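Here is the structure we will look at.
The values are calculated or read from the model by the stated rules, or taken from the named source; none is laboratory data. Predicted model, so just to flag it, every value in this text is computed and none were measured. Cβ sites come from the backbone with ideal geometry, for glycine too, and all protein chains shown count toward neighbours. All accessible areas refer to the heavy atoms of the entire protein, side chains included, with ligands and DNA or RNA removed. Shrake-Rupley method; radii C 1.70, N 1.55, O 1.52, S 1.80 Å.
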Amino acid sequence: MLVAALALIAVETDNTSLIMVSDQEGVLRTAHYGERISDPSEFLAADLFSDPYSESHTRSYPSVGGTFINQPALHVKYADGTHNTELVYKGHSVTSSDGATVTSIDLLDSVTSLEVRLVFTAYEKENVILEHAEIRNGGKKEIQLLDYASSSMTIEAGKYLLTHFYGGWATEMNIDREILTHDTKVIESRRGTQATQCNNPSFLLSLDTDSFSENDGEVVAGALAWSGNFRLSFEIDESGRLRVLGGINPFASSYPLASGATFVTPDMIWTRSPEGAGGASRNLHRWARKYGVYAGGTVNPTLLNSWEGAYFTFTTETLLRMIDDAADMGLEMFVLDDGWFGNKFPRNGDDAGLGDWDVNVSKIPEGIDYVASYAHSKGLKFGIWIEPEMVNPKSELALAHPDWVVQSPGREIPTARNQWVLDLSNPAVQDFVFGIFDKTMSLAPSIDYIKWDCNRTVASFGSKYLKKNQDRFYVDYCEGIYNVMRRIREKYPSVIVQCCSSGGGRVDYGALRWFNEIWTSDDTDAFQRAYIQYATNLIYPACVMGSHVSAVPNHQSGNVTPLKFRFDMACSGRLGMELQPKTLTPEERAVAERCIASYKEYRDLVFRGDVYRLASPYEGDYYSLMYVSEDRSRAVVFDYCLRYQNRAVGSHPLKLRGLDPSRKYRVRELNVDRSSWWGDGGAYSGEFLSSGAFAPSLLTTYSSGVFYLEAL
Ligand code: DGJ
C-alpha cells in the first residue's frame, strides 16, 4: 500500500541530502541520507513503512513507546512512572547563518506535553551535517531522561564495515574494523574525565564492501562533540537497515528535567563521501578548520616543551638554557610543563602540590615573569602547564576544600597518579578552575600558551554539591568544563590552549570548540606515532595534532629511531621538541635546525591543506601522506618506511593525489644532501606524479622523506 507523507524536509549540502518525511500518523521518518537528490519531493510518495509489524527502522528520532521496540534515541520516565513517549511532527523552519542552513523540526507528544526540537545544521560546501536535540518538558511535573541521544541516523546498504578506535594510555587511537552483523554494537566511554583514552566518539562506515578503501566507495563518518561519557550504537534490525545512535552515555545519568526546562544535547557530526575514507576525512577536516576547532587552521608555533627533557627536576637556570637552545634551533615557543608550583607541598613528583598554583620559590625564585620575559627577549613565545581539574591529597587545596573532591559519601577516595578529581559540577569549583587559569595568565604580562592537562578518570563518583541529584554528575561535570572554557574564551580569545589528558584522553569535537590543539599522545616514539597519527587524522585535522621530537631510546617504548625520522614524523603535525637539547650532538643540532627551518616553508599546508593518505601503516610497511593547498599549487609529501625492504625492490612507488594533472610541479626533497628520488629537482606533471612514477628509494627501517612540490 502506498501511503503519502504529510510533510517533507530536505537537509542539503552541495553533494548530500538528508531527507525526512512525516507519515500519515505524523511519525518523522528518515527516507534518505546519501547523494544529493535534485527533486526530494518524489520522496513524498515513498512507501517507507509498509510493514506494520516492523515499522521502527526508519524513525528519525525514535522514542520508547508506541510500537517502537528497537534501540531508542529517547527514553523518558514520567512522574507517574510511565515510559511511553509518542512524538508527532508539528512543523519545521529553516534559517541560514555563516555558510550553513539550520533546519529545526518540532515534534510533540500531546499526551505528556514532551517537546523535542531536532536541529540540523548543514554546512553546504563542506558536506557536513550537525544534529542535536532540544528536549523540553512541557508537562507539569519533573521527568527523568533515561536515554537522550543527539542523533539517530538511518543508513541503508547491503554491508556495513565499521572502523573505530581503541587503545589506552600512550597507545591511543588504534584501529579496529568489523563487518556489522544483526543486533547492536556499542562503543562507549564511562570514564567521566579522559573519556577518549580508550576509545573515541567517532567512526567511519564503509558501505557495501568488505574492505576499507581510502579512495573509493561510499563512506559515512560520524563524531560526537562531547568530552564526557559517550555512547555510539550501531543496530541492524530485521529490515537490514542500520540505525546509528550517537549521544551522551546515559550510564548512571538519568537526567532530571523540571517542568518547563529544556535539555540540549551535544552535536553529532555527520558527513558522507563517495570518495572513500579520504573523502570523508577531507570533509570533516575542512569543516573543522573553519567551524569545529577553536581558531582552526591558524598556524600554531613550533615549540620546545620541558617535560621529557627535565620532568620535575629543574631550576631557573635549566629553563633559561633550554630557552637559549630552543631559540638557537629556530623554535618559536618554550613551554614550561609540570613541576613549577607548590611550596608547602612542592611539586617535585606526581604525589604532591596539585591544586597549589603558586610558583615554587626554590626552583624559580625569580618568578614565572622572569622566565617568560627571558623567552620573549629571545624572540620566543612562552607557554605554561596547568592541571586545574585535579588535586593531590598532599596539597593545601585538599586540606582547605575537601568538599570539592569527587567522592562517594562514607567511602575512601581512590587515587590515581596520586591525585583526586575536583567536582566540576559545582559552580564554586568552576569559579576556582577559571580563577586558576586567570591567575596563571597573570603570572607574566604575556602568556601565549596554556597546556591544560587532565591526568585521571573519575572513580567512585559522588558530588557533595549535587546532594540528591547524583544522576546529574557526569553531564554537569562536562558542562562545567565547557562553562569554564566559555569564560576563558570571553576573556582570553587569543591565547593558544592545548587540550592534553595524559596525551589523547580528551580528543573530541566538543573540546575542540574551545581548544586550539591536542596533545595527541604521550607516546612520542615516531614509529608508534605513525599509527596514532594516521588514525587520529581519519577524523581530526592535522592542525590540531601536537607532535614532538623526543630523545632515544624513547621514554615510553624504548624504541630507537633516527633523528630525521623523528623530525619527519613530527613535521606532519604541529611540530615540537620535547627533550634536553644539551644532549644533542653538533650533527644532531644541525639536523634539527635544518628540519625546523624547512618546516616553516611548508607548514601552512599541514595546517590548512587537504590530506591525501597514500599508504596506511595498517596495510603495509609504509606510512605515506600528503597535504595539498586548496588551489592545488603546492603540496608536501611525507613518506616513512616502517620495515626493512628487500633491496631488489629498489624503490617505493607512490601515486600522489590531489594534484592538478595538467600542471607541472617542481619536486624538491627537503632536509637531505642526496635525494632518495631520482627525479629530485625536476618539474613533472601532476598526471605523471600520480601515475606511480614518483618512487623514492626509502628501503631501510625508519628511513623517511619529505618532498615539497610547487607548481611552475
Ligand atoms: C601528562 C601529559 O600528557 C604529559 O605531556 C605531561 O604534561 C605530564 N602529564 C605532566 O605531568
Since G558 meets every condition but one in (1) open to solvent by 40 Å² or more (accessible area, probe 1.4 Å); (2) in contact (Cβ under 8 Å) with a residue 60 or more places away in the chain; (3) under 26 Å from T196 (Cα atoms), which condition does it not meet? (2)
Number of the condition not met by D358 [criteria: (1) open to solvent by 40 Å² or more (accessible area, probe 1.4 Å); (2) within 15 Å of the ligand (Cβ to nearest atom); (3) not basic (K, R)]: (2)
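Say we look at segment 320-333 and pick out the residues that are touching an Asp or Glu at 6+ places or on another chain (Cβ under 7 Å) and not in a strand (DSSP E or B); which of these is nearest to the ligand (Cβ to nearest atom)?
Residues of segment 320-333 touching an Asp or Glu at 6+ places or on another chain (Cβ under 7 Å): 329-330, 333.
Those still in the list that are not in a strand (DSSP E or B) too: 329-330.
Values: M329: 20, G330: 22 Å.
The residue in question is M329.
Condition check ((1) surrounded by fewer than 22 Cβ atoms within 10 Å (Cβ to Cβ); (2) over 30 Å from C641 (Cβ atoms); (3) free of Cβ contacts under 8 Å to residues at least 60 places away in the same chain; (4) within 12 Å of the chain's Cα centre (by Cα)) across all residues:
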| position | (1), (2), (3), (4) |
| --- | --- |
| T457 | yes, yes, no, no |
| F461 | yes, yes, no, no |
| L466 | yes, yes, yes, no |
| I481 | no, yes, no, no |
| R489 | yes, yes, no, no |
| V507 | no, no, no, yes |
| W514 | yes, yes, no, yes |
| E517 | no, no, no, yes |
| A526 | no, no, no, no |
How many residues of segment 477-520 are in contact with a Phe, Trp or Tyr (Cβ under 7 Å, 6 or more places away or on another chain), within 15 Å of the ligand (Cβ to nearest atom) and of a type in the set (F, W, Y)? The answer is 1
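For every residue, the table says whether it meets (1) modelled with pLDDT of 95 or more; (2) of a type outside the set (D, E, K, R); (3) within 16 Å of the ligand (Cβ to nearest atom); (4) not in a helix (DSSP H, G or I).
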| residue | (1), (2), (3), (4) |
| --- | --- |
| V335 | yes, yes, yes, yes |
| D338 | yes, no, yes, yes |
| F345 | yes, yes, yes, yes |
| D350 | yes, no, yes, yes |
| L354 | yes, yes, yes, yes |
| S362 | yes, yes, no, yes |
| E366 | yes, no, no, yes |
| A372 | yes, yes, no, no |
Quickly run through segment 62-103 and pick out the residues that are in contact (Cβ under 8 Å) with a residue 12 or more places away in the chain and of a type in the set (A, V, I, L, M, F, W, C). V64, F68, I69, A73, L74, V76, A79, L87, V88, A100, V102
Residues in segment 572-594 that are away from the ligand (no atom under 16 Å from the Cβ), assigned to a loop (DSSP other than H, G, I, E, B) and within 21 Å of D337 (Cα to Cα) total 1
Does G81 meet the test of being surrounded by fewer than 20 Cβ atoms within 10 Å (Cβ to Cβ) and more than 28 Å from T13 (Cβ to Cβ)? yes
Looking at segment 388-406, which of its residues are open to solvent by 50 Å² or more (accessible area, probe 1.4 Å) and either part of a loop (DSSP other than H, G, I, E, B) or touching a Cys at 6+ places or on another chain (Cβ under 7 Å) (or both)? K394, H401
Considering each residue of segment 140-160, count those that are closer than 24 Å to P266 by Cβ and assigned to a loop (DSSP other than H, G, I, E, B), and give that number. 1
Taking segment 198-216 only, how many residues are of a type in the set (F, W, Y) and surrounded by fewer than 20 Cβ atoms within 10 Å (Cβ to Cβ)? 1
Which residue pairs have Cβ atoms closer than 8 Å, lie 6 or more positions apart in sequence or on different chains, and pair a first residue in segment 163-183 that is in a loop (DSSP other than H, G, I, E, B) with a second residue that is open to solvent by 80 Å² or more (accessible area, probe 1.4 Å)? H182/E238
Out of (1) within 16 Å of the ligand (Cβ to nearest atom); (2) without any contact (Cβ under 8 Å) to a residue 12 or more places away in the chain, what's the single condition that is false for E317? (1)
State whether the residues of segment 187-197 include one that is touching a Leu at 6+ places or on another chain (Cβ under 8 Å) and in contact (Cβ under 8 Å) with a residue 24 or more places away in the chain. yes
Do we find that S104 is touching a His at 6+ places or on another chain (Cβ under 8 Å), in a strand (DSSP E or B) and farther than 20 Å from W226 by Cα in this structure? yes
In segment 682-707, anything open to solvent by 10 Å² or more (accessible area, probe 1.4 Å) and closer than 16 Å to A635 by Cβ is listed as G682, A683, Y684, S685, E687, F688, S690, S691, A693
Heads up, the strands (runs of 3 or more DSSP E) in segment 217-310 (entirely inside) with at least 3 residues that are open to solvent by less than 10 Å² (accessible area, probe 1.4 Å) and within 30 Å of I323 (Cβ to Cβ) are 303-305
